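See below for the structure under consideration.
Laboratory data are not the source of any read-out in this text; all were calculated from the coordinates shown. Everything numeric here is computed off the predicted structure, so don't read it as measured data. When we count neighbours, we look across all protein chains shown, and the Cβ atoms used for this are built from the backbone with ideal geometry, even at glycine.
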Amino acid sequence: MLRNNDLNAANFFSHAVDTLKRNQFGGYLGGAVRRDKLFFFVNYQGTRATQAAATNSTYTPTAAMLSGDFSAVKTSLGMAFNQAGMSYNVINPSRFNSAALTIAKTALPLGGDAATGLTNYVGPAAQYPYDEGTARFDYVINARQRLFLRSFVQYYEKKGGNVKGNLLALADDEPGEYYN
């Protein structure tokens with residue numbers, strides 16, 4: 001099976017073509033090793049996929065919010081005092097947790113919408129191989145007894161990635177091996 005940009009349709013709204021590339025391949029083989037006594041069957045399937053960075057949405061603080069000014073938020077958060085006197089939805093930033101403030105300023109994208117902090121960000125591209133195979137051997141001991149041996153192996157490794165300055169776009173490595 002083959003999937004790539006040349007065969008993918010464009011998104012109705014953005015007119016962008018999905019850049020997912022996916023190739024699946026494999027085969028199988030089976031037969032008698034010794035007539036009416038010993039048989040075998042093996043198969044293999046491999047998949048190789050590459051996926052472009054995806055756009056995601058979330059809510060993060062805006063520059064104004066990080067400095068304590070929540071006046072763009074439509075709902076009243078209560079009354080707080082600032083240096084100029086009394087203001088609504090303004091908080092002294094010294095009341096913020098310093099560790100949380102450092103993370104928000106250095107590891108998150110700034111919120112785009114002033115009232116909500118809604119922002120769009122791009123995650124990392126992904127690449128992953130996937131391999132699996134089975135094997136089976138059957139042995140006829142006599143008319144009443146049979147013996148078989150079966151094995152299944154699966155392996156995949158999705159590489160992690162990140163976008164510098166955006167903790168939200170962090171993707172862990174996902175290695176996996178299964179044996180049966």
Toy charge model, Lys and Arg Cβ at +1, Asp and Glu Cβ at -1: the chain dipole around Cα centroid in debye, rounded to 20, equals 700
If one builds a Gaussian network model of the chain from Cα atoms under 10 Å apart, the most fluctuating residue listed among T75, T60, T47 is T75
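How long is the gain from N162 to K105 if the chain were fully straight, where each residue apart is worth 0.36 nm and the alpha carbon distance is subtracted? Kindly include the intermediate steps, with their values, before the conclusion.
Details: separation 57, 0.36 × 57 = 20.52 nm, distance 1.72 nm.
So the extension gain works out to 18.8 nm.
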Violations at 22 Å Cα threshold for listed pairs K21/K158; K21/K159; K105/K158 -> K105/K158
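How would the chain be classified by its alpha-carbon gyration tensor: rounded, prolate or oblate, with rounded meaning a/c under 1.5 and the a/b versus b/c comparison settling the rest? All intermediate terms of the calculation are to be shown ahead of the outcome.
On the way: a/c = 4.93, a/b = 2.90, b/c = 1.70.
Since a/c reaches 1.5 and a/b is larger than b/c, the shape of the chain is classed as prolate.
Once every DSSP H run of n ≥ 4 in the chain is given -39500 (n - 2.57) and the sum is divided by its residues, what mean residue ellipticity at 222 nm do you get, rounded to the nearest 500 deg cm²/dmol? Write down the numbers at each step before the final one.
Numbers: 2 runs with 13 residues, N = 180.
The per-residue figure over the chain is -1500 deg cm²/dmol.
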